[in-house]
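The values are calculated or read from the model by the stated rules, or taken from the named source; none is laboratory data. Here the structure is a predicted model, which is why all the values come from computation and not from measurement. Note that each Cβ is placed from the backbone with ideal geometry, even for glycine, and that neighbours are counted across all protein chains shown. With ligands, DNA and RNA removed, areas are computed over all heavy atoms of the protein, side chains included. Shrake-Rupley method; radii C 1.70, N 1.55, O 1.52, S 1.80 Å.
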Amino acid sequence: MSLSFDPASVRLPVGHFIDGRVVPGAAALEVRAPSDGRMLADIPCADADVVDRAVGGARAALDASGWGGVRPRERLRALSAWADLIEADTEGLARAEAVSSSRLIAEAGEDDVATSAEQIRFFAEFADKEGGDLAPTDAGHLGLIADEPYGVVGAITPWNYPIAMAAWKLAPALAAGNAVVLKPSELTPFSTVLLAELAVKAGLPAGLVNVVLGSGPVTGAALAAHPGVGKVTFTGSTRAGGEIMANIARAGIKPMTLELGGKSPQVVFGDADLERAAGAIFRSITGNSGQNCVAGSRLIVERGVMEELVAKITARMRTLRPGPTWDEASRYSPVISENQLRRIEGIVAAAREQGAEILCGGARFPEDRHFYQPTVLTSVAPDSPAIREEIFGPVLTVQPFDDEEEAVALARHPTYGLCAGLHARDVGRVFRVMRRLEAGTVWINRYGRSSDHILPTGGWQASGLGKDLGREAYRANRRSKTVLLAL
């Protein structure tokens with residue numbers, strides 16, 4: 001059966017999702033298909049009043065249902081039923097995801113929707129397996145460390161993996177007994193609303209999952225600052241993360257989890273399996289057209305193998321051709337918007353003016369202006385924005401090194417520390433270098449996350465605060481209370 005579809009045939013819910021139903025609002029923001037720029041819908045932008053209604057509804061649903069205090073297995077069963085409905089509606093969700101985002105239909109269903117359902121089941125299992133602790137005290141006392149949900153969690157997700165990022169935020173928060181008000185990116189809002197509809201259909205109390213549409217400066221700011229929100233979780237750029245931190249500090253202190261930008265190095269030593277390394281590097285910078293916070297955008301390679309490795313990477317890049325996200329034959333994604341395309345062009349142009357050489361790509365595809373060619377830059381100035389800034393596009397810089405010390409120095413970034421890749425066979429070197437790489441995640445002889453949801457993810461430095469995924473994500477959605485009882 002063909003996965004290809006007509007984009008005009010897809011149902012796209014246009015409205016917020018509050019108290020278990022779609023709530024329309026005045027058209028404020030255009031949503032366009034990245035593949036060809038066609039108009040998809042005008043969506044509303046939630047102001048402080050709409051956000052207040054959603055937070056109030058979440059609190060009311062939490063109190064009425066007792067969600068945070070029910071038997072944990074009841075939460076597990078409801079979340080598992082939700083995951084089942086997501087899987088059953090894979091086609092509809094994948095089409096909504098593909099038409100309005102940069103995710104290819106061949107990947108949206110098989111990867112994103114399937115992973116979202118799996119993550120919900122994963123976190124649901126924590127509901128009756130994580131609890132408080134009994135503290136050692138003297139014989140006359142009983143010391144308890146109890147943990148409880150925050151209440152209402154405010155979540156803000158990015159546009160690059162809309163449905164998967166929504167599951168990242170919703171699953172641990174709900175499993176931990178919270179209600180959620182989630183703001184998806186205004187560029188890719190639809191699949192998140194569909195997820196919320198399925199949650200109610202699965203039996204989760206109406207109002208427990210709310211979705212507010214709108215922009216970051218208006219809707220996101222109102223959500224983060226709302227006094228009824230007990231905790232904020234955000235994935236997006238470092239700049240936006242800093243604004244959220246400042247906004248929260250002005251409105252009142254509350255905990256937050258931030259997964260932010262990256263400028264991740266891939267360090268390749270001369271003894272590495274170059275064929276394997278080339279494939280991993282190619283996928284890391286061309287997958288979703290490099291629109292990925294963990295994209296391995298800085299290749300740092302031992303000088304003696306640089307030419308061979310780069311040739312293997314560019315040969316793969318030259319095989320990619322643009323194609324709309326709704327065509328199952330497409331293997332390369334569009335850039336999300338015209339603004340993002342111009343940003344990529346500006347950074348590549350600045351690097352070139354500083355003396356960088358373009359080995360591959362360096363421009364939009366001439367036959368389709370919504371796609372940017374996979375690009376490799378060499379002889380890049382160390383202070384170039386191509387080295388320093390997160391591009392969020394399919395642009396790979398190449399820097400040679402001559403010894404281990406130089407490799408570590410080049411890998412270090414003054415701002416970011418999200419992820420790093422390390423390719424080598426020497427076990428001693430692998431462990432020496434791994435310990436010196438300043439990153440929250442290090443992948444060795446591979447690059448990219450696996451389906452092992454138990455592994456947490458999160459950055460160092462300006463790449464984030466706290467962790468998503470893993471046991472840490474569940475615990476981050478509960479707060480501890482110390483109890484001392486005199487016997």
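Here the gap between residue 307 and residue 342, fully extended at 0.36 nm per residue and compared with their Cα-Cα distance, gives a gain of 9.6 nm. With both labels modelled 7 Å from their Cα along Cα-to-Cβ, the residue 2 to residue 237 distance reads 3.8 nm.
The angle between the Cα long axis of helix 90-100 and the main principal axis of the chain comes to about 60°, on a 0 to 90 degree scale. When the C-alpha to C-alpha distance is required to be over 26 Å, the pairs from 312/467; 169/312; 169/263; 183/254 that qualify are 312/467; 169/312. In the range 255-382, the convex hull through the Cα atoms has an average projected area of 10.0 nm², a quarter of its surface area.
Here the label points at residue 77 and residue 349, each 7 Å from Cα along the C-beta direction, are separated by 6.1 nm in the simple model.
Inter-label distance, residue 144 to residue 70: 2.2 nm, where each label sits 7 Å from its Cα along the C-beta direction. The alpha-carbon atoms of the chain define a convex hull whose volume equals 154 cubic angstrom per residue.
Mean sequence separation of contacting Cα pairs (under 8 Å, at least six apart), scaled by the length of the chain, corresponds to a relative contact order of 18 percent. In the chain, the longest principal axis of the Cα atoms and the axis of helix 114-124 are about 40 degrees apart.
When 431, 401, 392 are compared by accessible area of protein heavy atoms, the largest-first order is 431, 392, 401, using a 1.4 Å probe. Evaluated over the Cα positions of the range 318-433, the convex hull gives a direction-averaged projected area, one quarter of its surface, of 9.2 nm².
Got a sec? Which residues in the range 456-487 would a label at residue 245 touch, if it sits 7 Å along Cα→Cβ and we count backbone N under 14 Å? What the label zone holds, given the 14 Å backbone N cut-off, is 459-467.
Computed from Cα positions, the angle between helix 303-317 and the longest principal axis of the chain comes to roughly 70 degrees. Reported to the nearest whole Å, the Cα centre-to-centre distance from the range 378-409 to the range 1-61 is 39.
Phi angles across the range 4-19 convert, under the Karplus curve 6.51 cos²θ - 1.76 cosθ + 1.60 with θ = phi - 60°, into 3J(HN,Hα) values of 5, 8, 8, x, 6, 8, 8, 7, 10, x, 10, x, 6, 10, 9, 6 Hz, Gly and Pro given as x. Determine, from the Cβ-Cβ distance of residue 357 and residue 435 and an R0 of 41 Å, the FRET efficiency 1/(1 + (r/R0)^6), rounded to the nearest 0.05. Efficiency for this residue pair is about 0.75. Which shape class, rounded, prolate or oblate, goes with the range 381-426 when its Cα gyration tensor gives a ≥ b ≥ c as root eigenvalues, a/c under 1.5 marks rounded, and past that a/b bigger than b/c marks prolate? Prolate is the answer for the range 381-426, as a/c is 1.5 or above and a/b outweighs b/c.
Take the range 1-153, drop everything but the C-alpha atoms, weight them equally and run the Debye formula without solvent; then report log10 I(q)/I(0) at 0.11, 0.12, 0.13 Å⁻¹ to two decimals. Cα-only, vacuum Debye calculation for the range 1-153: -0.65, -0.75, -0.85.
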